[in-house]
Amino acid sequence: MEHFFGFAFPGIPYGCSYAIVAVSLVLTYQATGVFNFAFGAQAFASAFVFTLLTQNHGWSGFAAFLVSVVVMGPAVGFAFDRLLFRHIPNSNGTAKLVCSLSLLVGIPSLLPVIFGQQKLDATATIFPFFNPNVVYFTLIGTPINGIYLSTFSVTAVVLVALTALLRYTNLGLQMRGAVESRRLVQLDGVNANGVVALAWVVSSFMAGLAGVLLAPVFGAFTADNFAALTVTAIAAAVCALMRSLPIAAGVAVLIGVATTTLQGYLSPNSIIYSAVVPALPFLVIVGALLFLPGMRALESSRDPLATIDPPPPPTAAGARAPKMDRIVRTSWWVLLAVFFASMLTWIPVTWESVFNYGMALSTVLLSVTLITGMAGQLSLCQGTFAGISAFTAAQMANHLGLNMLLGGLFGAALAAVVAVVLALLSLRLRGLGLALMTLAAALLFDSTFFSAVSITAGVEGVSLQSKWLGTSAFFNFDGHALFLLGISVLAVCVFVVLLVRKGTVGRNLAAMRGSETAVAGLGINLSRQRIMVFALSGAIAGLGGVLVTIQQQLASPSDWNYQYSLVFVVLVVTTSVSTVEGAIQAGIGFAVIQQLLTYIPSRFGGPSLTIVLFAFGALTYAAHPEGVLEYQKRRSTLYFEKLFFRQNEGKPSDVSTTGAHG
Amino acid sequence: MGSAAVLLSLENVSKAFGGIVAVQDVSFTVDTGESVGLVGPNGAGKTTLFNCVCGQLRQDAGAITFGGRSLAGLPTFKRARLGIGRTYQKVEVFTDMTVRDHLMVAERARRGEGRLWKDLLNMSAPTSSEVRQVEATLELVGITHLAEVSVNSLGLGLCRLVELARALAAEPKILLADEPSSGLDLHETAEVAAVLRTVQRERGTAVLLVEHDLTMVSDVVDRTVVMDLGKVLADGPFTEVMANPTVRQAYLGQVGTA
Amino acid sequence: MTSPGTSTFEGGDVLSLENVCAAYGPYRALFDVSFRVPAGGIVALVGSNGAGKSTVARTVTGLVTATSGRIVFSGHDVTTMPAFRIARLGMAHVVEGRGVFSSLTVEENLTLAFRQRAGRKLLAGNLERAYTAFPILGERRRQMAGNLSGGQQRLLSLAKVLVVPPHVLVADELSLGLAPVVVDTVYEGLREINRNGTALIVVEQQVSRVLQLAGWAVVLDRGAVAYEGEPAGAGEAVEAIMSQREEAASSHI
């Protein structure tokens, strides 16, 4: 028994760390209505600044704490609310998720851009009351030092304080009301914007506090550690149905204890040790999503006054006058022809490969258009589908000498199968539930499939000999084979997406975005429609993954980890999620910008700057849910129409029949 | 009416939410082509009953049969395919879609279409018979002029008509109409009532109508079922039921408006 | 009894709208709407669907900000004031459709309103009065408001304003989805708070009933005032608009 406690107790400080974050996540969700994926990133940022100030600038712990937690935390929260979340209508769950995701992606990339690459170790600690190096007493054979006492006591204080705030104060009640409808709560005389801003301030302060407190628990100071912290906290929060603070804390401690206990009992060489233990939080998320019925109801409560929001604007294509439409269409074809000719003639090799990469990426991104833009479901594992397919093809080439093009078809088929399994598992999930499920799937694959040396050959990845690429077998055209291959695959995928959108399935999906109840009431099998779309989207992502692999002659696990899946969603949403052009512009734009950034000094952040650009671009989603490019296109379309035709004299549609009023 | 075949039958249906009984031992039937009104005070369990019939909720006890077939265990979409259509108390329209597309979704669903491969082979353009059907339904409900309009720009009243048209496009054997006149003015209410009568007469569609506008109920229905606190209070011809003192007490208050 | 705050402003008007225009994004919904509500008076706001009745209600209470014109409430210019400030001046709005927080319990819904409107000390008493007036709410005080039936949710949102009467109550489609017996209770409640000094703006689809209650009527058509005057004339005005519509519709087809 002493043996058991010897393994279990060391899990408690970790568990308490998870608990602080889990409790804060639930508070944020209850008080602001946002599932803050970026919480770990915020914690990381505060810990980063704290460590930077104490170590590199010789500040005292107290001063650094003031700046990094007391000032920076609330300031960041206030900015989030003012600049972002305030502008997102309560009913738009996707926008809230996308914004918090882009913060998750953007913040860790932003830090090196601001502060330069720093090597920090998180030894500096500000455990206020207990010395981490002193053993205060021994409990059932386990020495209890200051880390135990401080994490445990802070967790207890946080849990009690936040529970009291949320459940027993008038402010907490107002926060919960404001989350459901900022408008309705105003009618009761509550300053809704102020209350929600306050909620953000409290939540971000908690993030900063958690970051600074927890950094020493983990020793190594990396963004990955904080991501793992967030994921475990998410698992606990999900188990608590995003509602109960004590359950969230309890589950978090359990996960911490279970991890160290399993690690203690299992042989480090066993499969379970290397596969199951790191995957524990994701298994908990999946289990909770599958078996706790309450998760399905999340995000389902809607603002009763949502109809006051102005209706979404029509797409640029829909708003164009027929004449303008013809001009735009023609110029697209001309542009395509010029691009095609240029790629075959004068464009230098470097840039040709940039465009090739862009097109391959566009194919992956098209899968996001299909699942998020058309089916309205946020899937955070499109990169995983692409990776599964890429490694399948690469290994088939490696072991069987199979041509990558044929292997790619197998890979895409396998990706589709995985997508179908995922779709079957998540049939009842929508919105946040589905996003979490797909995120857990991505993380699960990262820690199993993609980290298995036999599949991905470790961090270096599987490099491919050119004879397997198969491009020469199909086209032999002065080294432009890759371009021709890429553009044909992309074209086929574009047509597939367009046909689906035009067809019955596309119409059914559009209808499902409006009302799933009514669609089912007409005799349409929602589940089948969803499974079909997932399969197709998995296959398209898979094809894209193979293209990227062929282009880079390397299948590397770091290209397809969960962060890339997030980046993909953010990329497409930034440009335009509802149109096919959006995916292409995002893919090529990303490749081009990445190339351009190689020309500026690397101290400005290098590759992470690209991610920062797109991540913060995605924040425009708050103001323009149709995508910022789409917004600009609509504006310029209207401008040119006025210029050329002078017919659309901007008469505001007098609509006494708008659904918005009765 | 008595000789007609029973289409929908509820036997001792009960449903509770967390200890609070919403529907208790409710039994009644609707015959083929019959029009039945379901009235009662708020919270009487009318919408809950609809949800049980459509499969959005599972009743705790009791049996629901449709066309002689038990509905137990069937999901919503399968019940719809058997011929149960409905409109919703809170309108459920497809945002961003035109009225014609609403009907097209229903029309395709009625034909059991929705294969991905047909889309991929570009074989899913509307056929002429589908177009004719859609036009006929638009005509029936009187919204032909709105065919190309997006529902986003329609008011509540017109949205209810679109819902009605969409439900009718699926050619149900029974239409469950949940407060179709709610939010409509007198004129629009009369229109909806007329459509319901036409459908019942010309297509032989049975109608189960939940409605507070008693003028409309008396206009449309052959028979009325009154519910209160989850139980059936009375079942019979409209005037007879409304004369029942218990009903007057529970539903109309002292001042009868019937 | 007249509440202390409602002393005479602008010739006894507690609320006045002057040439108010409003829009939802690019869609214009109100055109130069003007009317007045006398202190302690009852104004009926009628018109067909899409005439802009709810928009007027929302503009008055600040949910929709007027694009031009002027709204004066209890002597304050509230045209661009946020809704919560207007509410604190004594405005209440029972919105069309569901007007409750479905993720809060019945008691929490009431507490939220009463704490802000009447203060903490009177909370217990006000809750008690609400449960006495609407026993069904007392029975379900621990239930999530979202689990109430549609009609019970309406009762809950009414209970908020009937128990702590405001200076002006804007009631949007009160009778919608309510059984006749409940409608009677609701109208009786409105009469009672009116007798105690609350001015009412009653938006209704069912014209006849509200015209019996009101002392003044405003008929809206396509976002503009089509008639303003004694309730007796309003029915006629509505009929005129209807027949116009019908003609237009039949010529359309």
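The values are calculated or read from the model by the stated rules, or taken from the named source; none is laboratory data. If you're wondering where the values come from, they're calculated on a predicted model, not measured in any experiment. Cβ atoms come from the backbone with ideal geometry, glycine included; neighbour counts cover every protein chain shown. In case anyone asks, the SASA skips ligands and DNA or RNA and just uses the protein heavy atoms, side chains included. Shrake-Rupley method; radii C 1.70, N 1.55, O 1.52, S 1.80 Å.
Some observations on this one:
- Check on A:G15, surrounded by 24 or more Cβ atoms within 10 Å (Cβ to Cβ) and either out of contact with any strand residue (DSSP E or B) (no Cβ under 6 Å at 6 or more places or on another chain) or not assigned by TED's automatic domain parsing to the domain that holds A:A233 (or both): yes
- Scanning the range A:485-500 for residues that are modelled with pLDDT under 90 and open to solvent by 40 Å² or more (accessible area, probe 1.4 Å) gives no hits.
- Residue within the range C:202-209 that is without any contact (Cβ under 8 Å) to a residue 60 or more places away in the chain, over 30 Å from C:E107 (Cβ atoms), surrounded by fewer than 22 Cβ atoms within 10 Å (Cβ to Cβ) and more than 15 Å from the chain's Cα centre (by Cα) present: yes
- Exactly one residue out of A:L305, A:L361 is at pLDDT 70 or above and within 14 Å of chain C (Cβ to nearest Cβ), and it is A:L305.
- Of all residues making up the range B:178-223, the number that are in contact (Cβ under 8 Å) with a residue 60 or more places away in the chain and hydrophobic (A, V, I, L, M, F, W, C): 10
Residues are listed down the side, and each one gets a yes or a no for (1) away from chain C (no Cβ under 14 Å); (2) open to solvent by 10 Å² or more (accessible area, probe 1.4 Å):
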{"site": "A:G146", "(1), (2)": "yes, no"}
{"site": "A:A164", "(1), (2)": "yes, yes"}
{"site": "A:Q174", "(1), (2)": "no, yes"}
{"site": "A:G177", "(1), (2)": "no, no"}
{"site": "A:R183", "(1), (2)": "no, yes"}
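- Test: residue in the range B:85-108 that is surrounded by fewer than 22 Cβ atoms within 10 Å (Cβ to Cβ), more than 8 Å from chain A (Cβ to nearest Cβ), in contact with a strand residue (DSSP E or B) (Cβ under 6 Å, 6 or more places away or on another chain) and outside any loop (DSSP other than H, G, I, E, B): yes
- A:I347 within 27 Å of A:F640 (Cα to Cα) and surrounded by 12 or more Cβ atoms within 10 Å (Cβ to Cβ): no
- Answer residue from the range C:163-198, given it is hydrophobic (A, V, I, L, M, F, W, C) and within 13 Å of chain B (Cβ to nearest Cβ) and is farthest from B:M242 (Cα to Cα) among those: C:L174
- Residues in the range B:154-207 that are within 14 Å of chain C (Cβ to nearest Cβ), assigned to a helix (DSSP H, G or I) and open to solvent by less than 30 Å² (accessible area, probe 1.4 Å): B:G157, B:C159, B:R160, B:L161, B:V162, B:T189, B:V192.
- Residue satisfying condition, being in contact with a Lys or Arg (Cβ under 7 Å, 6 or more places away or on another chain), open to solvent by less than 10 Å² (accessible area, probe 1.4 Å) and of a type outside the set (A, V, I, L, M, F, W, C), within set A:G387, A:G433: A:G433
- All of A:V113, A:V105, A:V71, A:V21 fail the test of being of a type outside the set (F, W, Y), more than 25 Å from A:G376 (Cα to Cα) and crowded, with 23+ Cβ neighbours inside 10 Å, apart from A:V21.
- Looking only at residues in the range C:146-161 that are within 7 Å of chain B (Cβ to nearest Cβ), open to solvent by 20 Å² or more (accessible area, probe 1.4 Å) and assigned to a helix (DSSP H, G or I), the one that is farthest from C:A44 (Cα to Cα) is C:N147.
- Candidate set: the range B:66-81, residues that are under 17 Å from the mean Cα position of the chain (by Cα) and open to solvent by 40 Å² or more (accessible area, probe 1.4 Å); chosen: the one farthest from the other protein chains (Cβ to nearest Cβ): B:G67
- Scanning the range C:67-92 for residues that are farther than 15 Å from C:P166 by Cα and either buried (at least 24 other Cβ atoms within 10 Å of the Cβ) or β-branched (V, I, T) (or both), we see that the one that is farthest from the other protein chains (Cβ to nearest Cβ) is C:V72.
- The listed residue being open to solvent by 10 Å² or more (accessible area, probe 1.4 Å) and of a type in the set (S, T, Y), out of C:T61, C:T111, C:T55: C:T111
- When the helices (runs of 4 or more DSSP H) confined to the range A:514-588 are screened for residues that are within 11 Å of chain B (Cβ to nearest Cβ), those reaching at least 2 such residues are found at A:516-521, A:526-552.
- So B:S150, is it within 15 Å of B:E211 (Cβ to Cβ) and not aromatic (F, W, Y): no
- Among all residues of the range A:175-198, there is none that is in the same structural domain as A:A279 (by TED's automatic domain parsing), aliphatic (A, V, I, L, M) and under 28 Å from A:L280 (Cα atoms).
- Residues of the range C:212-231 that turn out to be open to solvent by 30 Å² or more (accessible area, probe 1.4 Å) and either under 17 Å from the mean Cα position of the chain (by Cα) or within 23 Å of C:P180 (Cα to Cα) (or both), as a count: 3
- Elements of the type strands (runs of 3 or more DSSP E) sitting completely within the range B:1-84 and holding at least 3 residues that are in contact with a strand residue (DSSP E or B) (Cβ under 7 Å, 6 or more places away or on another chain), of a type in the set (D, E, K, R) and over 21 Å from B:G230 (Cα atoms): there are none.
- B:G142, sole failed condition from (1) within 14 Å of chain C (Cβ to nearest Cβ); (2) open to solvent by 30 Å² or more (accessible area, probe 1.4 Å); (3) at negative phi: (3)
- Residue that is farthest from the other protein chains (Cβ to nearest Cβ), among those in the range B:109-124 that are closer than 24 Å to B:G55 by Cβ and open to solvent by 20 Å² or more (accessible area, probe 1.4 Å): B:R111
- Helices (runs of 4 or more DSSP H) contained entirely in the range C:1-120, each with at least 1 residues that are in contact with a Leu (Cβ under 9 Å, 6 or more places away or on another chain) and polar (S, T, N, Q): C:53-61, C:106-118
- In summary, C:V182 fulfils each of the numbered conditions (1) in contact with a Gly (Cβ under 7 Å, 6 or more places away or on another chain); (2) open to solvent by less than 20 Å² (accessible area, probe 1.4 Å) with the single exception of condition (2).
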